[in-house]
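Here the structure comes first, spelled out in structure tokens, and everything after it is commentary.
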Amino acid sequence: MKPEFAHASPARAPAQRSGISFKRLTEVAPQVLVAHMSDPRMREHMPLLTFAWDLEVVTSFVAAKEACWRRDGLGHWAIFDGDRYVGWGGFQKEGEEWDFGLVLKPQSFGLGARITRQSLAFARADERIPLVTFLLPPSRSNLGALARLGARLVGEIEHEGARFNKFVLDTTGHPEATGDDGGG
């Protein structure tokens, strides 16, 4: 069954399920993004997070993500659980591939599997996205959720000066994973 999407909205977001909703990053107060990305726990698995976030960085970040929306018709969302901002993520075109990223606040890490499944249901319903890539730093060792989703490791790559393990998930014909491991 394909999920319903709000096509009237320029944000084109996955259908809301279980209180999880997706909005544009412009709908989040910049100070909220600064606080999220300034939490020292964020650096543990984010090798590209090598600078301090402030209002200037947030302004540039949101502008870059909005440019992706204008260029590709898709990009990163602000993610909410009810009215509570829990993080950001979504699909970003990297060359010819659509990469999925998810950056949750530490207290929301347990929502990762549910948000990822909801996002992948969106990808499966979007003809532009025949496959999704995931770039995870070597520090990420708990990869069972990716395997359960059907993603396969294709190798190690360098991206913006950092090493990542690259996984690929075919979204054409792969049934939606429904098991919830509670992880993120």
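FYI, it's all coordinate maths here, none of it is from the lab. Given the structure is predicted, the values throughout are model-derived calculations rather than measurements. Here the Cβ is made from the backbone with ideal geometry for all residues, glycine too, and neighbour counts use every protein chain on show.
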What do you get for GluC sites (Glu not before Pro) in region 69-126 restricted to DSSP loop and a cutoff of at most 16 other Cβ within 10 Å of the site's Cβ? GLU96
Could you order peptides 150-156, 83-89 by the average number of other Cβ atoms within 10 Å of their residues, highest first? 83-89, 150-156
